Amino acid sequence: MVNLKGRSLLTLRDYSSDEIRFLLELSVKLKEKKRKTGSGELLKGKNIVLLFEKTSTRTRCAFETAAFDEGGRVTYLTNSQMGKKESLEDTAIILGRFYHGIAFRGFKQETVEDLARFSGVPVWNGLTDLYHPTQALADAMTLLEGVGKPAGETKWVFCGDGRNNVAVSLMIISAKLGLHFALLCPQELSPDPGLVQEMTGLAEERGGSLWIGRDREAALKEADAVYTDVWVSMGEEDRMEERIRLLKPYQVNRKLMALGRKGCLFLHCLPAFHDLNTGIGREVYEKYGLESMEVTDEVFRSSGSRVFDQAENRVHTIKAVMAATLVEPGSL
């Protein structure tokens, strides 16, 4: 039996293939449990703090809902003294005395690693500039649910910024699970070569593959799903014009989707700029004449779109992570 009690989730690089599969299987089990019973007591008596430097919709709500479903209690903390009037080390120690687990969402990967080092309790990465492991778990769950094939027979493609935290986390989880993963991105936005080499070897060992390049047809050949993310991440808004120039050729549209398998699914971690119903969307339209950015509204709203299934699965995978790292494995 896999035993993750007391472990932090800072990056999926730290987790074995068996441990990741265990978390996904537990996520499916907890999803079915919620549909049948609505609630449980796996996290009863557990206090959890959400220490967030970045704004959030899905990550915050998923952590809170997941905890509430299983009897946990949550504090949402965005105005701490950490790094201002109190050191990170001191803050971590205090939170470790108050809480059984800490979820962090912010900028530096170093911050979440230091929280785990000093707090003495499990720390879960809800997003840093380098990694987004809880998102990748929900993405893999949604992919495998939607495609219905073994990992070794499943291929998905990420189109866009190959260096961003989502693309990197998808590359890692794909290699660990033996999925076939293609990264369609401009040369300027390619991921770290060292990580690519490491994940390529890992993928091949597990029966998967990793492809990185700019050939649309080669990337989309036999693809079961296409994934994209926003062109500009939080904190990089001043690079909007540069990113539009680089990434406009990688927009996910009907023509690109047609290069994949019949019934090819569309995935996105959200929020998505697929129409003019956001302030940023309208601003981009006024400045650059684009009615949509990384994905067209037609694809976003298509029958193959699984974006809201992904969002729901954030709850189930986060619940699995918290339960697996906070309670005895025999209770799961």
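The values are calculated or read from the model by the stated rules, or taken from the named source; none is laboratory data. Source: prediction; values computed, not measured. Here the Cβ positions follow ideal geometry from the backbone for every residue, glycine too, while neighbour counts run over all protein chains shown.
Among the residues of the stretch 122-147, count how many are over 16 Å from F181 (Cβ atoms) and among the β-branched types (V, I, T). Within the stretch 122-147, residues that are over 16 Å from F181 (Cβ atoms) and among the β-branched types (V, I, T) number 3. Scanning the stretch 253-301 for residues that are small (G, A, S) and at negative phi turns up A258, G260, A272, G279, G281, S292. Within the set L26, L51, L42, the sole residue that is closer than 16 Å to R314 by Cβ and either modelled with pLDDT under 95 or assigned by TED's automatic domain parsing to the domain that holds S80 (or both) turns out to be L26.
Among residues of the stretch 210-261 being under 22 Å from G304 (Cα atoms) and of a type in the set (G, A, S), the one that is nearest to the chain's Cα centre (by Cα) is A225.
Kindly indicate which of G101, G106, G120 is surrounded by fewer than 24 Cβ atoms within 10 Å (Cβ to Cβ), in contact with a helix residue (DSSP H, G or I) (Cβ under 8 Å, 6 or more places away or on another chain), under 19 Å from G6 (Cβ atoms) and not acidic (D, E). Break it down into steps so the answer makes sense when it comes.
Details: G101 fails: surrounded by fewer than 24 Cβ atoms within 10 Å (Cβ to Cβ); G106 fails: under 19 Å from G6 (Cβ atoms).
Only one candidate passes the filter, namely G120.
For the stretch 277-300, a tally of residues being without any contact (Cβ under 8 Å) to a residue 24 or more places away in the chain and within 25 Å of the chain's Cα centre (by Cα) returns 6. Where helices (runs of 4 or more DSSP H) sit wholly within the stretch 126-227, those with at least 2 residues that are acidic (D, E), at pLDDT 95 or above and surrounded by fewer than 23 Cβ atoms within 10 Å (Cβ to Cβ) occupy 193-205. Looking at the stretch 307-326, can you tell me whether even one residue there is crowded, with 19+ Cβ neighbours inside 10 Å, under 19 Å from C159 (Cβ atoms) and more than 20 Å from the chain's Cα centre (by Cα)? No, because not a single residue in the stretch 307-326 is crowded, with 19+ Cβ neighbours inside 10 Å, under 19 Å from C159 (Cβ atoms) and more than 20 Å from the chain's Cα centre (by Cα). Sub-7 Å Cβ pairs linking a first residue in the stretch 168-184 that is on the phi < 0 side of the Ramachandran plot to a second residue that is in a strand (DSSP E or B) and β-branched (V, I, T), at least 6 apart or interchain, are A182/V157; L183/I212; L184/V157, ordered by first then second residue.
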